[in-house]
1. Please work out if ARG106 is part of a loop (DSSP other than H, G, I, E, B) and either surrounded by fewer than 16 Cβ atoms within 10 Å (Cβ to Cβ) or more than 22 Å from the chain's Cα centre (by Cα) (or both).
2. Can you tell me how many residues within the range 71-86 are closer than 13 Å to SER134 by Cβ and of a type outside the set (A, V, I, L, M, F, W, C)?
3. May I ask you to list the residues in the range 35-52 that are surrounded by fewer than 16 Cβ atoms within 10 Å (Cβ to Cβ) and of a type outside the set (Gly, Ala, Ser)?
4. Report, by residue number, each residue of the range 173-205 that is touching a strand residue (DSSP E or B) at 6+ places or on another chain (Cβ under 9 Å) and assigned to a helix (DSSP H, G or I).
5. Looking at the range 68-88, I want the residues that are within 15 Å of ARG106 (Cα to Cα) and have a partner that is exposed (fewer than 11 other Cβ atoms within 10 Å of the Cβ) with Cβ atoms under 9 Å, at least 6 apart or on another chain. Which pairs are those?
6. Would the range 10-31 turn up any residue that is part of a loop (DSSP other than H, G, I, E, B), open to solvent by less than 60 Å² (accessible area, probe 1.4 Å) and touching a residue at least 24 places away in the same chain (Cβ under 8 Å)?
7. Return the residues of the range 43-57 that are in contact (Cβ under 8 Å) with a residue 12 or more places away in the chain and either under 25 Å from GLY131 (Cα atoms) or not in a helix (DSSP H, G or I) (or both); say none if nothing qualifies.
8. Please count how many residues of the range 58-103 are small (Gly, Ala, Ser), within 24 Å of the chain's Cα centre (by Cα) and either farther than 15 Å from ILE137 by Cβ or part of a helix (DSSP H, G or I) (or both).
Amino acid sequence: SADLEAWYKHLTTEQGSTLERYRHDVVWPSAALKKIVGEQIEVTREDIQRGYEANYGERVRCRAIVCNQHRKALEVWEMARSKPTTHYFGDLAEQYSVEGSSRALRGEIPPIHKHSNQPLLEREAFLLKAGELSGVIQVDDKFVILFCEGRTKPNNVPLAEVESLILEDVHEKKLRVSMAREFARLQDEARVDNFLANTTKAPRSAREQEQLSQAPAVDGK
């Protein structure tokens, strides 16, 4: 059970807040947003199947090198291709990866599962076989190289046994996304007068909203 006494001490002493302020600034807005969007949330059979595959399905065990420049990533990829072994790839990760944990762990990363938040990385990983090297994969502003070490065994738990857990998890995640989207919409439509900074934020006009909705997508997204 939650240690409410310790949490209250943290709230009042370390954060310098009060219970009433926490209720007003955190609890009430969160509860209100849940009320606004809660009835709109729908979890489909496809959502449950995807959640089952993500949590209980096969995963790809990889090592990764993360670079912040495409040219450097190509140089590292050429070196990795010349000697595609786990040990050498680990040496390269330790030397060239700009991502702290992968550098410290010689490229080791958590196994990549299906239906992740990185569809391009996921797709490339599931195309690899043990001992194979991926190409240079762009993920946001970084460039990633994967070395496949094999696959994990899927957890053969019947879907019926965990369906309620998956349903609850997916519903909560979709609820959080909808709450964030609704909060952003409310911010866009609100007029905020900041008397301390002497600034005013006005809501977008109908014309600005129309122009925004008609703007071309960036990078096909």
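1. Details: part of a loop (DSSP other than H, G, I, E, B): yes; either surrounded by fewer than 16 Cβ atoms within 10 Å (Cβ to Cβ) or more than 22 Å from the chain's Cα centre (by Cα) (or both): yes.
Here the answer is yes, as ARG106 does meet what is asked.
2. Residues flagged as closer than 13 Å to SER134 by Cβ and of a type outside the set (A, V, I, L, M, F, W, C) within the range 71-86 amount to 2.
3. Taking the range 35-52 as the starting set, the residues that turn out to be surrounded by fewer than 16 Cβ atoms within 10 Å (Cβ to Cβ) are 35-36, 38-40, 42, 44-46, 49.
Across the range 35-52, the qualifying residues are LYS35, ILE36, GLU39, GLN40, GLU42, THR44, ARG45, GLU46, GLN49.
4. Selection gives GLN187 alone.
5. Short answer, once both residue conditions are applied: TYR88/SER82.
6. Filtering the range 10-31 down to residues part of a loop (DSSP other than H, G, I, E, B) leaves 15-18.
Filter again for open to solvent by less than 60 Å² (accessible area, probe 1.4 Å), leaving 16-17.
Remaining after also requiring touching a residue at least 24 places away in the same chain (Cβ under 8 Å): none.
So far as the range 10-31 goes, no, none of its residues is part of a loop (DSSP other than H, G, I, E, B), open to solvent by less than 60 Å² (accessible area, probe 1.4 Å) and touching a residue at least 24 places away in the same chain (Cβ under 8 Å).
7. VAL43, GLU53, ALA54, ASN55, TYR56, GLY57
8. In the first step, residues of the range 58-103 are kept if they are small (Gly, Ala, Ser); the result is 64, 73, 80, 82, 90, 93, 97, 100-102.
Narrowing the set further to residues that are within 24 Å of the chain's Cα centre (by Cα) leaves 64, 73, 93, 97, 100-102.
Of the ones still in play, those that are also either farther than 15 Å from ILE137 by Cβ or part of a helix (DSSP H, G or I) (or both) are 73, 93, 100-102.
Result for the range 58-103: 5.
The values are calculated or read from the model by the stated rules, or taken from the named source; none is laboratory data. Everything numeric in this text was worked out from a predicted model, so none of it was measured. With ideal geometry, Cβ positions are generated from the backbone for all residues, glycine too; neighbour counts draw on all protein chains shown. Accessible surface areas use protein heavy atoms only, side chains included; no ligands, DNA or RNA. Shrake-Rupley method; radii C 1.70, N 1.55, O 1.52, S 1.80 Å.
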